[in-house]
There are 2 protein chains.
Amino acid sequence: MVNETQHTCSASSSSRSDGGSSSGSESSKDNSRCSTPVLDADRHERLREKMRRRQDAGDKWFSLEFFPPRTANAAVNLISRFDRMGAGGPLFIDVTWHPAGDPGSDKETSSMIIANTAVNYCGLETILHMTCCNQTKDDITGHLQKAKRLGLKNIMALRGDPAGEEWEEEVDGFNYAVDLVKHIRNEFDDYFDVCVAGYPKGHPEAESYEADLRHLKEKVFAGADFIITQLFFRPETFLKFMKDCQAIGITCPIIPGIFPIQGYHSLRQLVKLSKLEVPQEIKDVIEPIKDNDAAIRNYGVELAVSMCRELLDSGMVHGLHFYTLNREVATTEVLKRLGIWKEDPRRPLPWAVSAHPKRRVEDVRPIFWASRPKSYIYRTQEWDDFPNGRWGNSSSPAFGELKDYYLFYLKSKSPREELLKMWGEELTGEESVFEVFTCYITGEPNRNGYKVTCMPWNDDPLATETNLLKDQLEKVNRRGILTINSQPNINGKPSTDPIVGWGPSGGYVFQKAYLEFFTSSEIVTALLKVLKKYELRVNYHIVNVKGQNITNAPDLQPNAVTWGIFPGREIIQPTVVDPVSFLSWKDEAFALWIEQWAKLYEEESPSRMIIQYIHDNYYLVNLVDNDFPLENCLWQVVEDTFELLN
Amino acid sequence: MVNETQHTCSASSSSRSDGGSSSGSESSKDNSRCSTPVLDADRHERLREKMRRRQDAGDKWFSLEFFPPRTANAAVNLISRFDRMGAGGPLFIDVTWHPAGDPGSDKETSSMIIANTAVNYCGLETILHMTCCNQTKDDITGHLQKAKRLGLKNIMALRGDPAGEEWEEEVDGFNYAVDLVKHIRNEFDDYFDVCVAGYPKGHPEAESYEADLRHLKEKVFAGADFIITQLFFRPETFLKFMKDCQAIGITCPIIPGIFPIQGYHSLRQLVKLSKLEVPQEIKDVIEPIKDNDAAIRNYGVELAVSMCRELLDSGMVHGLHFYTLNREVATTEVLKRLGIWKEDPRRPLPWAVSAHPKRRVEDVRPIFWASRPKSYIYRTQEWDDFPNGRWGNSSSPAFGELKDYYLFYLKSKSPREELLKMWGEELTGEESVFEVFTCYITGEPNRNGYKVTCMPWNDDPLATETNLLKDQLEKVNRRGILTINSQPNINGKPSTDPIVGWGPSGGYVFQKAYLEFFTSSEIVTALLKVLKKYELRVNYHIVNVKGQNITNAPDLQPNAVTWGIFPGREIIQPTVVDPVSFLSWKDEAFALWIEQWAKLYEEESPSRMIIQYIHDNYYLVNLVDNDFPLENCLWQVVEDTFELLN
């Protein structure tokens, strides 16, 4: 009677069903079982599989193209842009390759390093462009090996512009993109997903439109997985091109490149570079308003939205690729109007995951780096295994040292002058430090009228979740409990909760209350007395810069403080308080007083001495209330401590 | 100010504290971190460490001595006794060595196999006795290697009785227990905990009491970890002996052997064997009542209780060793009156753990074997790793086949005639099978007046927890939903809850509702229609004996159905519904219809054909309600199914 078999892992299940009445021991030997609760299929799929899954599910998607910046400061800004635009849910971003800019180097502005940062530190699926013209085989292999080592999994294979007018084909050289595609497949087998460029109007140097289509087919048949097109101005241009591609047997995904016009000059420059012609109807609108940037951008957004709508409505287009020119406003606006910008992206885990393939099973982290995830990734980048399921079992406990606080992706977004305004040009004592912490919590301006929007331990304003604790946090910071991390207790909220939810829908998330702060030895002495009353309920770790360490953690075991229960899955416990890692975090947390704050002031200046005094004498404390179904007792612990002091 | 450092793992923490301001990366490289959340320190400690910890904590404990039975049936009964007496919380049991009974063989009545069963299948810390007299070095090494392979970690090293009167010391042979102790330490280093015998009155063959004490000291200095004494009749005998031992420098634990007098004849025989003299004051009481077994036992209990009290009150005794003579009543009575029998033993996990050192990290199992844990242990005995933290990662999915359903530790405790009375001498149709299931659930006698106290899938009466579901279970079994496993949903009860609690105190336990049953294809067809309405809420697996398999489990991932949150620890999820193991369980569950039930009847008999029909045509179904905070919907699912059928 029951013939319908709903297999999720069809290959393995069918062998099992065939097993019939034979023993299960045989059939269960196959390797089909998933090694980790796949909360987020995205992390385990190649880009081409993600595309296929989205297409099959009828989900429309978008992607974003960026070019590497010219200066280190611009790189810091671009990374913030990655974080912000990444929140909208692009399927991938891509980073262009600039042969003149030493694109494969370790410079913070190189294509390679920007792509590396996007993948590893911003958690974005990333395509690195690569051109082959005028390059040796060894150079190219070296670039590809480096890309692979850094965790990049996708290459856009391009010819690039020949240097000089008298360019001639080299025998056995890399003359066309197809040579690079073949090389990637020869040397790296199926490791990379390979993308190639398509020209809806034909490549400007091609003999003909038809000849160009044949070249494109060659690239695809040499092993390219999908095609992104050059920009175009009319939807029918793309749709005709797509039909022509299909007619000659190109069946892979073809993604239209969308260029929202953002200004008169950028348009002119782009048109010149790409040798495209702007249609008369567009010129007619633009020419009269060419000095009105806002008007041009509005028109560009309007035009892009209407073109994208037509493409999506055709039923032939499932994803849209945006040439952002490293700008945010126009593209975001288009995406929002199309309804494909994710306003409330579902978080697969409570922290931002990295997209390096090595880390795809990672699903546990210590809570300490919650506001400095890039530093955590940096300090664990050499790990071969990442904790998965439990912290204790699978993590390498050896954290890399954080020596260079000025790595561009770890750097504060605010320049020194701004920091001084926020944190005080001149400190008069520990009290003025308490004030800075309090202003950061409350969002109120400081005594000089400046809002404190970041702290050395947190480069962003207070998280929405922390806002839940705002009143209590304000009270304790005023009195010298200088909080740097906290979370409320949660007793089973739906996984779709807009503030504390994460993971697939249909689940329930839980938290133990957590509080982490710096405080004076006087307060610690009182606190320890109070904690005796809470011995069975509250776990604590108290440590100073010299490593003096007081804890009641049983056997130095990690304490799970965030976990989720989902349909059909094992328990996920993405955040732990781990006594061993806390000592690595301690080094970083104390160093930030000096590196980010004290060094703003002259050596020997009173302000610097105050910060130095705090660094040398304060303790870093963390507290966990294990009784998550009851009201958080940590505020009472602090209250009792202050009472004892009075 | 803060000088008191409360270190749990002092060795590693101190090196860490010494690290001072240097980077945490160095200090965190040490191997001190616990690889698993130690819920139950007992599982990770050696016997001598457990003794020391109990002594330090002032906890009084007891242990139980058994001898190997003569027949296979008696072995089945002894194993049940292990389970029952194990529930009272002995620190260990020990199994004597009977040189005449082929004690190292694979026979089900051998000392080796009984000890193996106690460790692996009953989860008891076990000492295997071993005698050395008249044995070759190779024989002894062979026995020790086998014991080690089976997971035995403790040996009681004895001389044994020389065979024949004219025994003489062999040069380089094993003449005394001390030779065996030395041999164990030479060949197996520190692997085994070694126990030796002490004689409070001196060994009957010793030249003198003092000479015997010197021999005992030799045994201890050769490497014995503790001493268990021969029985004695007066507390002062033991206390004097203990002082004398200490006086000559014996500092290891000395455990008094307690013999509750249980009958006139057994006392006489024991006295003869041990060459002890029964004190006159005991003889005076016993002789007049020598034919009144009950009176003698009562006196024996009385006497043992008063002697034990005196020993414990002396402050020198922390544990008591009981010579049970394989009987339950007297020893249990003494222990209960002493208040050291654990009435409500805390379960470290919801299932009974095995004591094999290989399995000490095991903390996840599929729910299917909940009522057949010994079968699960048997089928996974060849695994090198046991799942720890997550099922998916660390378990070998290859279950051993279960071919021999008659292994004595898997065998039904009830003989064939009793089973026939319970399950029906003659079945008249599927309905009469429904009745058997229903009677098992309700506890009401069947139509012939017999209570159904076991089923092929469950050798014990209904668990207290299942009792919570009794009314609903009765209703569905009557109508052909033949339940074999179930659990209610639990949304955060204290870990100390007497029915569903487990793990250390201060925690919270959770469950998803689970229901597993056999049912006809007609009901399955209706059920599948109903399940469409519950698609997002209920996970199901439906399989027949041929392996046809219908499931909505995402990616064949395991679903955690029991978990616990504890202070200062990672999440423990000891029970999962695993789609892959379900297919191994299916083979066993279907085979039990035939092996345990159908085979009670003549071949070709109508009763046998009915069971065979069910085996061939029914489906095995499991259902999980993922919404554990809401009311269990599985009853509604079944209700809807019946409604659809009407």
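Report yes if some residue within the stretch A:414-433 is more than 14 Å from chain B (Cβ to nearest Cβ) and either under 30 Å from A:Ile572 (Cβ atoms) or at pLDDT below 85 (or both); otherwise report no. Let's see the steps before the verdict.
Taking the stretch A:414-433 and keeping what is more than 14 Å from chain B (Cβ to nearest Cβ), we get A:414-433.
Going one step further and asking which of them are either under 30 Å from A:Ile572 (Cβ atoms) or at pLDDT below 85 (or both), we end up with none.
No: zero hits.
Across the stretch A:357-396, what is the number of residues that are free of Cβ contacts under 8 Å to residues at least 12 places away in the same chain and more than 10 Å from chain B (Cβ to nearest Cβ)?
2
Does any residue of the stretch A:538-555 turn out to be closer than 22 Å to A:Val509 by Cβ, assigned to a loop (DSSP other than H, G, I, E, B) and facing chain B (nearest Cβ under 8 Å)?
Checked against the condition, which is being closer than 22 Å to A:Val509 by Cβ, assigned to a loop (DSSP other than H, G, I, E, B) and facing chain B (nearest Cβ under 8 Å), the stretch A:538-555 yields no hits at all.
Which of the numbered conditions does A:Asn491 fail, given that it passes all the others? Conditions: (1) closer than 30 Å to B:Pro558 by Cα; (2) assigned to a loop (DSSP other than H, G, I, E, B).
Against the list (1) closer than 30 Å to B:Pro558 by Cα; (2) assigned to a loop (DSSP other than H, G, I, E, B), A:Asn491 comes up short only on (2).
If I filter the stretch B:111-125 for residues that are in contact with a Pro (Cβ under 6 Å, 6 or more places away or on another chain) and at pLDDT below 95, do I get at least one hit?
no
How many residues does the stretch A:567-577 contain that are facing chain B (nearest Cβ under 8 Å) and either over 20 Å from A:Asn491 (Cα atoms) or touching a helix residue (DSSP H, G or I) at 6+ places or on another chain (Cβ under 9 Å) (or both)? Outline the logic, then answer.
Going through the stretch A:567-577, the residues facing chain B (nearest Cβ under 8 Å) turn out to be A:567-571, A:573, A:576.
From what's left, either over 20 Å from A:Asn491 (Cα atoms) or touching a helix residue (DSSP H, G or I) at 6+ places or on another chain (Cβ under 9 Å) (or both): A:567-570, A:573, A:576.
Number of matching residues: 6.
Would you confirm, using the coordinates I've provided, whether B:Ala197 is touching a helix residue (DSSP H, G or I) at 6+ places or on another chain (Cβ under 9 Å) and closer than 30 Å to B:Met307 by Cβ?
Taking the combined requirement at face value, the residue satisfies it.
Test B:Ala591 against the criterion of being more than 10 Å from every other protein chain (Cβ to nearest Cβ), assigned to a helix (DSSP H, G or I) and either touching a helix residue (DSSP H, G or I) at 6+ places or on another chain (Cβ under 7 Å) or of a type in the set (A, V, I, L, M) (or both), and give yes or no. Break it down stepwise before answering.
Details: more than 10 Å from every other protein chain (Cβ to nearest Cβ): no; assigned to a helix (DSSP H, G or I): yes; either touching a helix residue (DSSP H, G or I) at 6+ places or on another chain (Cβ under 7 Å) or of a type in the set (A, V, I, L, M) (or both): yes.
Against the criterion (more than 10 Å from every other protein chain (Cβ to nearest Cβ), assigned to a helix (DSSP H, G or I) and either touching a helix residue (DSSP H, G or I) at 6+ places or on another chain (Cβ under 7 Å) or of a type in the set (A, V, I, L, M) (or both)), B:Ala591 does not qualify.
Identify the single condition in (1) within 28 Å of B:Leu515 (Cβ to Cβ); (2) within 14 Å of another protein chain (Cβ to nearest Cβ); (3) in a loop (DSSP other than H, G, I, E, B) that B:Asp344 does not satisfy, given that it satisfies every other one.
Against the list (1) within 28 Å of B:Leu515 (Cβ to Cβ); (2) within 14 Å of another protein chain (Cβ to nearest Cβ); (3) in a loop (DSSP other than H, G, I, E, B), B:Asp344 comes up short only on (2).
For the stretch B:556-566, what are the residues that are assigned to a loop (DSSP other than H, G, I, E, B) and either over 30 Å from the mean Cα position of the chain (by Cα) or at the interface with another protein chain (Cβ under 7 Å from one of its Cβ atoms) (or both)?
Selection gives B:Gln557, B:Pro558.
Does B:Glu603 satisfy the condition of being surrounded by fewer than 23 Cβ atoms within 10 Å (Cβ to Cβ), more than 7 Å from chain A (Cβ to nearest Cβ) and in a helix (DSSP H, G or I)? Let's see the steps before the verdict.
Working: surrounded by fewer than 23 Cβ atoms within 10 Å (Cβ to Cβ): yes; more than 7 Å from chain A (Cβ to nearest Cβ): yes; in a helix (DSSP H, G or I): no.
It is false that B:Glu603 is surrounded by fewer than 23 Cβ atoms within 10 Å (Cβ to Cβ), more than 7 Å from chain A (Cβ to nearest Cβ) and in a helix (DSSP H, G or I).
Within the stretch B:516-537, how many residues turn out to be polar (S, T, N, Q) and either more than 7 Å from every other protein chain (Cβ to nearest Cβ) or crowded, with 22+ Cβ neighbours inside 10 Å (or both)?
Counting residues in the stretch B:516-537 that are polar (S, T, N, Q) and either more than 7 Å from every other protein chain (Cβ to nearest Cβ) or crowded, with 22+ Cβ neighbours inside 10 Å (or both) gives 2.
Any residue in the stretch A:615-636 that is within 10 Å of chain B (Cβ to nearest Cβ) and surrounded by fewer than 23 Cβ atoms within 10 Å (Cβ to Cβ) sitting within a Cβ distance under 8 Å of a residue that is basic (Lys, Arg) and part of a loop (DSSP other than H, G, I, E, B)? List the pairs, counting only those 6 or more apart or interchain.
Close Cβ pairs (under 8 Å, with a partner that is basic (Lys, Arg) and part of a loop (DSSP other than H, G, I, E, B)) amount to A:Asp627/A:Arg537; A:Phe628/A:Lys512.
Condition first: in contact with a helix residue (DSSP H, G or I) (Cβ under 8 Å, 6 or more places away or on another chain), within 17 Å of B:Gly202 (Cα to Cα) and either small (Gly, Ala, Ser) or in contact (Cβ under 8 Å) with a residue 12 or more places away in the chain (or both). Now tell me which residues in the stretch B:277-308 satisfy that.
The one that is in contact with a helix residue (DSSP H, G or I) (Cβ under 8 Å, 6 or more places away or on another chain), within 17 Å of B:Gly202 (Cα to Cα) and either small (Gly, Ala, Ser) or in contact (Cβ under 8 Å) with a residue 12 or more places away in the chain (or both): B:Val278.
Can you name every one of the helices (runs of 4 or more DSSP H) wholly within the stretch A:233-310 that holds 3 or more residues which are more than 19 Å from A:Arg327 (Cβ to Cβ), under 36 Å from the mean Cα position of the chain (by Cα) and modelled with pLDDT of 95 or more?
Details: elements: A:235-247, A:264-274, A:280-286.
Those helices (runs of 4 or more DSSP H) span A:235-247.
Return yes when B:Leu528 is outside any strand (DSSP E or B) and in the same structural domain as B:Pro567 (by the TED database) and no when it is not. Before you say what the answer is, go through the steps one by one.
Details: outside any strand (DSSP E or B): yes; in the same structural domain as B:Pro567 (by the TED database): yes.
In short, yes.
The values are calculated or read from the model by the stated rules, or taken from the named source; none is laboratory data. Worth saying up front: this structure is predicted, and the values here are computed from it rather than measured. Neighbour counts run over all protein chains shown; Cβ positions are idealised from the backbone, glycine included.
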